[in-house]
Amino acid sequence: MRTVSIHQSLHRHNQTFGAERELVMISSLVSLLVGIGGMSLMSVTVAALFWFVAVLTLRRMAKADPLMSKVWFRHVKQQDYYPARSSVWQERGFKC
């Protein structure tokens, strides 16, 4: 029987620093803006601390589920109730 190896890079999720790439980039942008915007040692310290804590939290989240934020956003979009009727934009009648 022939076996074909599947390379790990073909089915791994896109991660940076062990967390979801988009969330790490957003947290780094926020911390960069806070650090530069404050122009003081306190703001730079707060920005570095925020980024460090955010990356640690995001890594724990990605360890549980690599796509957790996407699943959560899809969950938030779900409606509480879907009525058992078609919408007003549904075409009427059958087309053969």
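The values are calculated or read from the model by the stated rules, or taken from the named source; none is laboratory data. Keep in mind it's a predicted model, so treat the numbers as computed, not measured. Here the Cβ positions follow ideal geometry from the backbone for every residue, glycine too, while neighbour counts run over all protein chains shown.
One line per residue, one yes/no per condition, for (1) part of a helix (DSSP H, G or I); (2) among the aromatic types (Phe, Trp, Tyr); (3) surrounded by 13 or more Cβ atoms within 10 Å (Cβ to Cβ):
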position	(1), (2), (3)
4	no, no, no
12	no, no, no
25	yes, no, no
28	yes, no, yes
46	yes, no, yes
49	yes, no, no
56	yes, no, yes
60	yes, no, no
66	no, no, yes
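Return a yes/no flag: does the stretch 67-89 have any residue that is without any contact (Cβ under 8 Å) to a residue 40 or more places away in the chain and of a type in the set (Asp, Glu). Yes, because at least one residue in the stretch 67-89 is without any contact (Cβ under 8 Å) to a residue 40 or more places away in the chain and of a type in the set (Asp, Glu). Among residues of the stretch 3-14 that are closer than 15 Å to residue 66 by Cβ, those with a Cβ under 7 angstrom from a residue that is surrounded by 10 or more Cβ atoms within 10 Å (Cβ to Cβ) and among the basic types (Lys, Arg), sequence gap 6+ or separate chain, pair up as 14/21. Would you say residue 29 is free of Cβ contacts under 8 Å to residues at least 12 places away in the same chain and closer than 26 Å to residue 69 by Cα? Considered against the rule, which asks whether it is free of Cβ contacts under 8 Å to residues at least 12 places away in the same chain and closer than 26 Å to residue 69 by Cα, residue 29 comes out as yes.
Output the residues belonging to the stretch 54-95 that are modelled with pLDDT of 75 or more, of a type outside the set (Asp, Glu) and over 30 Å from residue 11 (Cβ atoms). If the condition is that a residue be modelled with pLDDT of 75 or more, of a type outside the set (Asp, Glu) and over 30 Å from residue 11 (Cβ atoms), then 79, 81, 82, 83, 84, 85 are the ones that fit.
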